[in-house]
Amino acid sequence: MVKKYRDWSVKLKLLTITALLILGSVFVESYLSYTQYTKDFERQSTDKVNQIIEQVSLNIDTYLDDLFRLTLAPYRNAGVMAALEQDGPDSELEELNKRRLVETYLEEMMIYPRKDILRVSIITDETYSSGRIPSGGSQETNPQNSDWYREAMNTQDYVFVPSHMQQIGGDQSVSVISVVRRLVSTRTQQVLGVIKVDANYNGIVDISSRANMGEDGGLLILDDKNNVVYSASDKDKAIAGSANRAGYIVSSIPVSRVGWQVVAVNSVKEMNRQAMHTRNTAFLFAVASSLLAIVVLFLFVRQFMRPLLAIVRLMKEVEHGNLEVQFGGSRRDEIGYLGASFNALMAKINDMLQRNTQLVKEVYEAKLLQKEAQINTLFNQIRPHFIFNTLNMISLTMQAGKQEKAIDHINKLSSMLRSLTTWDKEVPLQREIDLLHAYLGIQSSRYEGRLTYALDIDPALAARRIPALLLQPIVENAVIHGCERKKEPTAIRVYSRLMADRLLICVADDGLGMDARALAALQGKLASADEAAAGTALPVAADVSAGGGDGFDRERKDGKQEPHTGIGLVNVNRRIKARYGAAYGLSVVSAEGAGTTVEVALPPEE
């Protein structure tokens with residue numbers, strides 16, 4: 001059966017709570033560190049990707065700008081422009097010279113160091129061309145029928161021709177991109193034709209392929225219609241198609257010159273792969289360190305708790321009645337102080353028990369020599385089980401570490417036992433009140449808060465002398481029948497009222513009370529005290545009441561009579577009448593479930 005937490009030992013509680021705190025802090029720290037590290041890493045990665053694609057965009061823009069500038073080269077050669085502005089040559093020789101002039105200039109343009117520029121063409125009524133590869137294909141045969149030609153003739157802006165295949169002879173072809181711009185006469189502003197620059201598409205590929213987006217990422221270039229201008233592979237297209245799903249970060253930068261978008265797609269999982277590896281490594285180190293700390297803590301706690309547990313074992317031996325135990329050790333810390341205090345307490349308790357035992361023995365022996373019947377009655381006043389319960393309560397109090405409270409109970413018990421020596425004398429009322437304080441204080445602790453009491457005696461009556469042990473039997477009767485048999489809290493109040501013809505001291509409780517039959521029986525017992533006072537006394541043995549002092553025997557749950565254990569109300573009533581006369585004594589008022597009030601009537605002055 002699993003023990004509840006409150007039943008765990010201090011050692012187990014300390015180890016469990018500390019281990020949970022250590023492991024909990026490790027988990028929280030690892031999680032927060034990983035979360036923050038991931039966010040920072042993603043932000044840095046995103047910034048880095050943006051820088052990469054921004055550089056790609058800039059390189060493409062620069063690349064295209066070089067192509068655009070080539071279309072302006074004819075304007076810097078007056079001879080070429082003059083030849084192009086001629087309405088038409090008068091002879092084939094002039095036409096041949098014109099072609100040689102223009103194509104020679106185009107060949108000079110092809111000396112341009114960039115190897116990716118494949119061909120430059122000027123297309124008017126005739127086509128003039130020079131390039132690194134031979135021309136071919138239908139569009140080269142009739143360029144005026146091409147869409148790009150018509151578009152260039154109708155706009156002053158550049159016309160960009162996306163990637164397309166161009167034959168270079170035979171079955172071979174190459175992917176090219178082209179820039180087309182119309183040529184306008186610098187003198188007449190007449191449109192002369194167009195200039196077309198063809199460049200190898202691999203120039204775009206070389207620029208884009210330098211950007212590595214990882215295994216699960218990709219880089220694409222899209223035109224203004226979202227058509228793919230560049231992708232390293234079909235895998236990049238598939239990744240781009242899933243870019244809107246969770247787990248991917250998409251970044252884009254425009255290439256404004258041609259309306260393109262450079263799009264980078266990165267997998268969050270791949271970006272965080274290193275972060276996860278770092279997190280797992282840090283977590284394993286943290287867990288290993290925590291387990292090592294827990295092992296060290298276990299060894300330390302076991303060593304630390306050993307003397308404390310030794311004291312607990314000694315207290316359990318005391319609980320079983322062994323008062324000869326001693327704590328061994330020479331520690332100088334708080335536990336050493338606790339052990340020394342335990343030894344001192346046990347020594348003091350043993351000494352007090354020996355002295356009290358000796359005192360009780362002397363009292364009982366002396367009274368036995370004087371009057372055996374009376375001393376037997378007196379012995380029953382403080383019942384053995386009351387002393388046993390009180391000593392047991394003191395032992396438990398010591399085990400709970402409440403030494404001052406235990407000493408207080410011992411002093412109270414000692415005070416009660418010393419009061420037995422004055423049973424046949426008169427004492428000040430204050431001394432009787434002190435005895436009640438001691439008795440009720442012990443009983444209140446024994447019943448753990450179920451018993452409360454109040455002693456409201458007029459201070460002016462403190463010096464008034466009354467027979468010793470006059471009120472204690474009445475209060476004991478209220479405790480036994482008011483509190484012991486009642487599960488709910490019980491209150492006892494002792495108060496005084498000074499009247500013209502008598503002094504009343506009342507003991508009232510809110511216990512179970514008595515039914516009419518029991519009350520009538522008790523009142524009959526008290527009435528018999530008047531007969532005893534008048535000389536028709538009952539035997540002395542009848543004076544001794546049963547089990548709680550209400551003047552008659554009560555049956556236990558097993559059907560047997562409770563033993564005679566104290567001076568009863570009847571005996572107290574007889575003592576008062578014998579001392580002060582038949583006009584004084586006890587009266588009892590009680591109702592079942594409403595409690596009992598016992599009034600002690602004494603002369604107003606003594």
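The values are calculated or read from the model by the stated rules, or taken from the named source; none is laboratory data. Everything numeric in this text was worked out from a predicted model, so none of it was measured. Reconstructed Cβ throughout: ideal geometry from the backbone, glycine too, with neighbour counts over all protein chains shown.
Here are the numbers for this structure:
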quantity	calculated
Condition check for I239: at pLDDT below 80, on the phi < 0 side of the Ramachandran plot, part of a helix (DSSP H, G or I) and outside the structural domain of L84 (by TED's automatic domain parsing)	yes
Sole exception among (1) assigned to a loop (DSSP other than H, G, I, E, B); (2) of a type outside the set (D, E, K, R); (3) closer than 20 Å to D408 by Cα for L470, by number	(3)
A463 at pLDDT below 85 and of a type in the set (G, A, S)	no
Any hit, segment 489-498, residues being under 17 Å from L586 (Cβ atoms), touching a strand residue (DSSP E or B) at 6+ places or on another chain (Cβ under 6 Å) and without any contact (Cβ under 8 Å) to a residue 24 or more places away in the chain	yes
Subset of segment 557-588 [surrounded by 16 or more Cβ atoms within 10 Å (Cβ to Cβ), closer than 17 Å to M514 by Cβ and modelled with pLDDT of 75 or more]	L569, V570, N573, L586, V588
Residue within segment 499-507 that is over 60 Å from the mean Cα position of the chain (by Cα), surrounded by 14 or more Cβ atoms within 10 Å (Cβ to Cβ) and either free of Cβ contacts under 8 Å to residues at least 40 places away in the same chain or assigned to a strand (DSSP E or B) (or both) present	yes
Some residue of segment 279-292 being modelled with pLDDT of 80 or more, surrounded by fewer than 15 Cβ atoms within 10 Å (Cβ to Cβ), under 30 Å from I249 (Cα atoms) and not hydroxyl-bearing (S, T, Y)	yes
Output for segment 444-474, where each listed residue is β-branched (V, I, T) and under 22 Å from L522 (Cβ atoms)	I474
Failed condition for L308, given (1) within 30 Å of G401 (Cα to Cα); (2) at pLDDT 80 or above; (3) out of contact with any Gly (no Cβ under 8 Å at 6 or more places or on another chain)	(2)
Unmet requirement for T46, which otherwise passes all of (1) of a type in the set (S, T, Y); (2) within 28 Å of Y128 (Cα to Cα); (3) not assigned by TED's automatic domain parsing to the domain that holds I177	(2)
